[in-house]
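The values are calculated or read from the model by the stated rules, or taken from the named source; none is laboratory data. Note that the structure is predicted; figures quoted are calculated from it, not measured. We place every Cβ from the backbone using ideal geometry, glycine too, and count neighbours over all the protein chains shown.
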Amino acid sequence: MSEASFVAAFGVDPRVDEGYLPELLAEAVRRQDATLVEAALSLMFAFDLLGPRYLAVLCDLLVADWHHDHEDVARALQQLSDPAAVPALRHASELDLPYREYDDVRALSRKCMWALSDIRTEEAVAALEALSHSSNNSVVRNLAAYHLAKVRNGEPPSRVSRRLRER
């Protein structure tokens, strides 16, 4: 659905009504409505509305076990690169969600660690350090060690987080 079609069908432009999308996400969390989470995140990305006002609800969604959009949430948090997201990103890096049982390469962990690597605060680096010594999963340990080395070697943050900062 195009932006114009959405506005025509629902009678609201999320760019104009700045409270619409935050209220939609908050309602999705209150109701634990996975379909509404997916719709709200789709709108956020389609209308390019990601911003700091979504940080708290995105952190809540990242560690919630009742929806299936964790990778999209992690990507949004990487784009925001806000240090306040570090605890949620660290926690989600080790989550073993039943719906992700098939995922031996730990795609969610990867996205969370990219975000931690991009944030680069002392707390983010400490989270990567702790994850690199995690005894739970060797893939998590190796991913964390890789990102820790990137940060310590002075490699630049990814383009994903820089894109939002350049706006």
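Couple of notes before you dig in:
- Scan of segment 72-113 for residues that are more than 23 Å from residue 133 (Cα to Cα) and either at pLDDT 95 or above or in contact with a helix residue (DSSP H, G or I) (Cβ under 8 Å, 6 or more places away or on another chain) (or both), ordered by number: 72, 73, 75, 76, 77, 79, 80, 81, 82
- For first residues located in segment 18-43 and among the β-branched types (Val, Ile, Thr), partners that are assigned to a loop (DSSP other than H, G, I, E, B) and lie 6+ apart or on another chain with Cβ distances below 9 Å form the pairs 29/64; 35/67; 37/64; 37/66; 37/67; 37/68; 37/69.
- Residue within segment 87-100 that is over 20 Å from residue 29 (Cα atoms), out of contact with any strand residue (DSSP E or B) (no Cβ under 9 Å at 6 or more places or on another chain) and of a type in the set (Ser, Thr, Tyr) present: yes
- Residue 142 vs. criteria over 30 Å from residue 21 (Cβ atoms), among the polar types (S, T, N, Q) and part of a helix (DSSP H, G or I): yes
- Qualifying residue in segment 45-66 (condition: closer than 19 Å to residue 157 by Cβ, free of Cβ contacts under 8 Å to residues at least 60 places away in the same chain and of a type in the set (Val, Ile, Thr)): no
- Considering (1) closer than 30 Å to residue 4 by Cβ; (2) among the hydrophobic types (A, V, I, L, M, F, W, C); (3) in contact with a Leu (Cβ under 7 Å, 6 or more places away or on another chain); (4) without any contact (Cβ under 8 Å) to a residue 60 or more places away in the chain, the lone condition that residue 92 does not fulfil carries the number (1).
- Residues of segment 117-158 classified as under 11 Å from residue 93 (Cβ atoms), surrounded by 13 or more Cβ atoms within 10 Å (Cβ to Cβ) and not hydroxyl-bearing (Ser, Thr, Tyr), total: 11
- Complete set of residues in segment 86-127 that are over 23 Å from residue 56 (Cβ atoms) and not β-branched (Val, Ile, Thr): 96, 98, 99, 100, 101, 102, 103, 104, 106, 107, 110
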